[in-house]
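Inspection log for the structure reproduced underneath, given as C-alpha cells.
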Amino acid sequence: MIAEAVWNLLFPPKCILCGRVLEKEELDLCRSCRAEAPVCPQSGGKLSFLDSWTAVWYYEGNVRNSLLRYKFHRARQYAAGYGRLLAMRLLTQYPDGFDLLTWVPVSRLRKFTRGYDQVELLARAVGAELGMEPVAALRKIHHNRPQSGITGQAERRANVLGVYRVVSPETVQGKRILLLDDIITTGATAGECARVLLTAGAKEIHCGCVAAARHHK
C-alpha cells in the first residue's frame with residue numbers, strides 16, 4: 001500500500017479523455033468528461049454481417065484525441081479504463097452474455113512497429129471485467145493500408161477483403177461471439193471479421209467498441 005501511495009503521488013491517475021488529474025473519488029474519467037463526453041446511443045444501427053454493435057462514445061472531441069494517443073502515442077494505460085467502461089455497456093446491453101470473446105487483430109508488422117496490439121489490450125481489460133478469457137480467434141494475414149487513410153466506404157471494404165483468417169474453425173463453430181474493436185467508422189473492418197467468423201461456422205457476431213463515427217445510428 002505504501003508503494004502504491006508513492007506511485008500515485010509521483011504519477012497521479014488522470015482522466016483518460018482530457019488528461020486532467022483525477023480527484024480521489026473519480027475513476028477513469030473526470031467529472032466534466034463523465035458529464036460531457038458524447039455518449040453513443042445504447043443500440044447501434046445495422047452493419048454488414050454483424051448481428052448488433054455498441055459503442056461507449058462517439059468518435060469526436062476528447063474521445064478522438066484520447067484514442068489517437070492510445071493507438072499512436074503509446075498511451076497503453078488507457079486500456080484498463082476503456083475496458084471498464086465498455087464492459088459496463090456490454091453488461092447492460094447483453095445480459096445473456098457470450099460464448100467467446102475475441103478482437104480485431106492488427107498485422108504482425110503493425111504490432112511490431114507499434115509495440116502492442118491496442119485492441120488485444122482492450123480485449124484483456126474487458127475480459128477481466130466480464131470474467132472471460134479472450135481468445136485469438138482471428139489472424140491478420142495481409143498488412144493492408146490503414147483504414148484511417150481511406151475515405152470511401154466501398155474502398156474501405158475492398159481494403160480489408162480477405163485480410164483476416166480464422167485460426168481454428170472448431171473454436172468458433174456454433175458460438176455467440178463478442179468481437180471487440182477500438183473504433184467503428186464505416187464498419188468495414190468489423191464486418192469483414194464477422195463475415196470470416198460466420199463462414200467458419202459462428203452462430204452470432206456482436207461487436208463492442210470504444211467509439212463510433214456519429215453517422216452510425
Single condition THR102 does not satisfy, out of (1) modelled with pLDDT of 95 or more; (2) part of a loop (DSSP other than H, G, I, E, B); (3) under 19 Å from PRO134 (Cβ atoms)
(2)
So which pairs qualify, if the first residue must be in the stretch 172-187 and farther than 15 Å from ALA123 by Cβ, the second must be among the charged types (D, E, K, R) and open to solvent by less than 30 Å² (accessible area, probe 1.4 Å), the Cβ gap must be under 7 Å, and the two must be at least 6 apart or on different chains?
THR186/ARG156
Of all residues in the stretch 27-51 being assigned to a loop (DSSP other than H, G, I, E, B) and open to solvent by 90 Å² or more (accessible area, probe 1.4 Å), the one that is farthest from LYS175 (Cα to Cα):
LEU27
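Could you please let me know if ARG69 is modelled with pLDDT of 95 or more, among the charged types (D, E, K, R) and open to solvent by 30 Å² or more (accessible area, probe 1.4 Å)? Write out each step before concluding.
On the way: modelled with pLDDT of 95 or more: yes; among the charged types (D, E, K, R): yes; open to solvent by 30 Å² or more (accessible area, probe 1.4 Å): yes.
Spelling it out, ARG69 is indeed modelled with pLDDT of 95 or more, among the charged types (D, E, K, R) and open to solvent by 30 Å² or more (accessible area, probe 1.4 Å).
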Just need a number here: residues in the stretch 161-179 that are under 20 Å from LEU130 (Cβ atoms), open to solvent by 50 Å² or more (accessible area, probe 1.4 Å) and outside any loop (DSSP other than H, G, I, E, B).
1
Here is a check on your reading of the model: is THR92 part of a helix (DSSP H, G or I) and of a type in the set (Val, Ile, Thr)?
yes
Meets criteria (in contact with a Ser or Thr (Cβ under 9 Å, 6 or more places away or on another chain), within 23 Å of SER48 (Cα to Cα), modelled with pLDDT under 95 and not in a strand (DSSP E or B)) for ARG157
yes
Cβ-Cβ under 7 Å, sequence separation 6+ or interchain: first residue in the stretch 1-26 and part of a helix (DSSP H, G or I), partner surrounded by fewer than 14 Cβ atoms within 10 Å (Cβ to Cβ) and at pLDDT 95 or above. Which pairs?
none
Starting from residues that are under 18 Å from TYR164 (Cα atoms), assigned to a loop (DSSP other than H, G, I, E, B) and of a type in the set (A, V, I, L, M, F, W, C), keep the ones in the stretch 113-146 and report whichever is least open to solvent (accessible area, probe 1.4 Å).
ALA137
Just the residues that are touching a Ser or Thr at 6+ places or on another chain (Cβ under 8 Å) and either in contact (Cβ under 8 Å) with a residue 60 or more places away in the chain or in a helix (DSSP H, G or I) (or both), please, taken from the stretch 52-85.
SER52, THR54, TYR59, TYR78
Hits in the stretch 85-104 - residues which are crowded, with 17+ Cβ neighbours inside 10 Å and among the charged types (D, E, K, R)
ARG89
Test SER107 against the criterion of being exposed (fewer than 13 other Cβ atoms within 10 Å of the Cβ), among the hydroxyl-bearing types (Ser, Thr, Tyr) and at pLDDT below 95, and give yes or no.
no
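Listed residues LEU122, LEU178; which is at pLDDT 90 or above, closer than 19 Å to LEU197 by Cα and within 20 Å of the chain's Cα centre (by Cα)?
Going through LEU122, LEU178 in turn, just one is at pLDDT 90 or above, closer than 19 Å to LEU197 by Cα and within 20 Å of the chain's Cα centre (by Cα): LEU178.
The values are calculated or read from the model by the stated rules, or taken from the named source; none is laboratory data. Fair warning: this is a prediction, and the values are worked out from it, not measured in the lab. Reconstructed Cβ throughout: ideal geometry from the backbone, glycine too, with neighbour counts over all protein chains shown. Heads up: the accessible areas ignore ligands, DNA and RNA and are worked out on the full protein's heavy atoms, side chains in. Shrake-Rupley method; radii C 1.70, N 1.55, O 1.52, S 1.80 Å.
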